[in-house]
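Engineer: One structure follows; several queries about it will come next.
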Ligand code: FA5
């Protein structure tokens, strides 16, 4: 920094040299050289008093900044390309840290999404990311919704002028992951994938419905797979996520891409099924849809449906988290309400 008064410039040079050798860096702010500059101000001629005083303050600020820099622990962040995609399967503690943790906290949905991925990873399922814009083929045709099928109305979402969609569910990824991993089957390995990502719906909002939310899709295909594997997988995962033994109930439902299809509910973890206001006194909480992958969907991806069978499911991540922490309104997640968000950091 430049100083127009020679005396101040000389003191600045001297004080900076002195600072380098000091153990208690803050003591430089009490140095006699600085004190004597301040003491002179009141005796100076009126025409230079203000500018001299400003320069002494400038020197004090510079010293304070140097003290701050030398006393703050150095944060050595590795150089990273923030635009580069990284694999969603990388464990949380190995992911690139963009901000020092003390300046920020992660969103609870992202923390829980990582826990979900980690439990499935231990069960042998790999995570694949979805996309924010998709096409008619992946949203409907590949999932066995022919054109004009009334079930298309259940997935009413935002569209672009070009006729593309913001995906209304993570099932839009089924055809892609079946194609990507079908070579596993020839090597006697299962297709075992989860897709945790954001989805969108044209929805009337309330305490349980958002227009933008997260789902986690699961797709498992191998020889001899049946609905018992589906129920056992979901039950094992839920018991691990809620850290208690969970019961599962399925009831018949309809999805064009699974046959048979089910809605599944888990035993209420709050009341041990005695009945409470969270489960509307039924003892069960509905969590998602599932079923055996329809042979048309397997064949569309080039998989021999007479040889291989599989199951798929879709949970709403917000609903899972609401149940875990007894959160009564889904809209808290996107509210940017720091009082709510900080409870999870
Ligand atoms: C589906 O989206 C199917 N794709 C699930 C599926 C996958 C079935 C694979 C079979 C095989 P559904 O529309 O029921 O199904 O949504 C699944 C879950 O997403 C719901 O149970 C709920 O937990 C969550 N969900 C749905 N709509 C909303 C919403 N507007 N806000 C928050 N969560 C929602």
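Engineer: First obtain the Kirkwood hydrodynamic radius of the chain from its Cα pairs, then insert it into the Stokes-Einstein equation at 10 °C and 1.306 mPa s, and state the resulting D in µm² per second as a whole number. Please list the in-between numbers first.
Structural biologist: Values: Rh = 24.7 Å.
Value of D from the Cα-based Kirkwood radius: 64 µm²/s.
Engineer: Is the range 229-294 best put as rounded, prolate or oblate by its Cα gyration tensor, with a ≥ b ≥ c the root eigenvalues, rounded for a/c under 1.5, and otherwise prolate when a/b is larger than b/c, oblate when not?
Structural biologist: On the way: a/c = 3.26, a/b = 1.61, b/c = 2.02.
In terms of gyration-tensor shape, oblate.
Engineer: Also, quick follow-up: In what order do 30, 131, 201 fall by count of nearby beta-carbon atoms within 10 Å, going from fewest to most?
Structural biologist: Values: 30 9, 131 14, 201 19.
Fewest-to-most ranking of 30, 131, 201: 30, 131, 201.
Engineer: Moving to a separate point now. Can you pull the one-decimal nm distance between simple spin-label points at residue 129 and residue 306, each 7 Å off the Cα toward Cβ?
Structural biologist: Calculated label separation equals 4.1 nm.
Engineer: Based on the mean of other beta carbon atoms within 10 Å per residue, what is the order of 251-257, 323-329, most packed first? Present the calculation step by step, with values, prior to reporting the outcome.
Structural biologist: Values: 251-257: 16.1, 323-329: 13.6.
Ranking the peptides 251-257, 323-329 by packing returns 251-257, 323-329.
Engineer: In a GNM of the chain with a 10 Å cut-off on Cα contacts, which of 275, 124, 21 has the highest mean-square fluctuation?
Structural biologist: Evaluated over the chain, the most mobile residue of the options is 21.
Engineer: Here is a follow-up. Can you tell me the FRET efficiency between residue 340 and residue 111 if r is taken as the Cβ-Cβ distance and R0 is 22 Å, rounded to the nearest 0.05?
Structural biologist: Numbers: r = 14 Å, r/R0 = 0.62.
E between residue 340 and residue 111, to the nearest 0.05, is 0.95.
Engineer: Nearest 10 degrees, 0 to 90: what angle lies between the long axis of helix 32-41 and the longest principal axis of the chain (Cα atoms)?
Structural biologist: It is inclined by approximately 70 degrees.
Engineer: Determine the distance separating the Cα centre of the range 30-80 from the Cα centre of the range 197-236; give it in Å without decimals.
Structural biologist: Taking the Cα centre of the range 197-236 as reference, the centre of the range 30-80 is 60 Å away.
Engineer: Note the angle between two axes, namely the Cα long axis of helix 46-71 and the longest principal axis of the Cα atoms of the chain, as a number of degrees from 0 to 90, rounded to the nearest 10.
Structural biologist: Between the helix axis and the principal axis of the chain, the angle is about 50 degrees.
Engineer: Select from 263, 147, 210 the residue whose mean-square fluctuation is largest in a Gaussian network model of the chain (Cα-Cα springs shorter than 10 Å).
Structural biologist: Largest GNM mean-square fluctuation: 147.
Engineer: So for the pair residue 325, residue 60, with labels modelled 7 Å out along Cα→Cβ, what separation do we get in nm?
Structural biologist: 4.5 nm
Engineer: If I fit a long axis through the Cα atoms of helix 227-242 and take the longest principal axis of the Cα atoms of the chain, what angle between them do I get, 0 to 90°, rounded to 10?
Structural biologist: 30 degrees
Engineer: Still on this structure: Rank-order 168-179, 215-226 by packing density, defined as the average count of other C-beta atoms within 10 Å over each peptide's residues, highest first. Intermediate values should be presented prior to the final figure.
Structural biologist: Details: 168-179: 23.2, 215-226: 19.6.
The packing order, highest mean first, is 168-179, 215-226.
Engineer: Connecting C-alpha atoms closer than 10 Å in a GNM of the chain, tell me which of 66, 298, 185 has the biggest fluctuation.
Structural biologist: 66
Engineer: By how many nm would the segment from residue 24 to residue 187 lengthen if fully extended, with 0.36 nm per residue of separation less the alpha-carbon distance? Please report the intermediate quantities before stating the final value.
Structural biologist: Numbers: separation 163, 0.36 × 163 = 58.68 nm, distance 6.63 nm.
Between residue 24 and residue 187, full extension yields an extra 52.1 nm.
Engineer: Now for a separate question. With a ≥ b ≥ c taken as the square roots of the eigenvalues of the C-alpha gyration tensor of the range 162-269, please select rounded if a/c is under 1.5 and otherwise prolate if a/b is larger than b/c or oblate if it is not?
Structural biologist: Numbers: a/c = 1.85, a/b = 1.09, b/c = 1.70.
Here the range 162-269 falls in the oblate category.
Engineer: Sticking with this structure for a sec: How compact is the range 6-71 by the rule of thumb for globular proteins, expressed as Cα Rg over 2.2 N^0.38 Å?
Structural biologist: Numbers: Rg = 12.3 Å, N = 66, 2.2 N^0.38 = 10.8 Å.
Compared with the compact-globule rule of thumb, the range 6-71 sits at 1.13.
Engineer: Another one. Can you pull the one-decimal nm distance between simple spin-label points at residue 93 and residue 5, each 7 Å off the Cα toward Cβ?
Structural biologist: Rounded to a tenth, the inter-label distance reads 5.5 nm.
Engineer: Moving on to the next point. Post the alpha-carbon centroid distance, the range 271-304 to the range 124-153, in whole angstrom.
Structural biologist: Rounded to whole Å, the Cα centres lie 18 Å apart.
Engineer: Still on this structure, I have one more. Could you list 203, 47, 65 so that the one with the fewest beta carbons within 10 Å of its beta carbon is first and the one with the most is last?
Structural biologist: Working: 203 14, 47 7, 65 11.
Listed from fewest to most nearby Cβ atoms, that is 47, 65, 203.
Engineer: Sorted from fewest to most neighbouring beta carbons within 10 Å, what does the list 278, 321 look like? Kindly include the intermediate steps, with their values, before the conclusion.
Structural biologist: Numbers: 278 15, 321 22.
Lowest to highest Cβ neighbour count: 278, 321.
Engineer: Any idea what the alpha-carbon Rg over 2.2 N^0.38 Å comes to for the range 216-345?
Structural biologist: The reported ratio for this selection is 1.21.
Each reported figure results from applying straightforward, stated rules to the coordinates on display, with no laboratory input. Just so you know, these numbers come straight off a predicted model, no measurement behind them. Cβ sites come from the backbone with ideal geometry, for glycine too, and all protein chains shown count toward neighbours.
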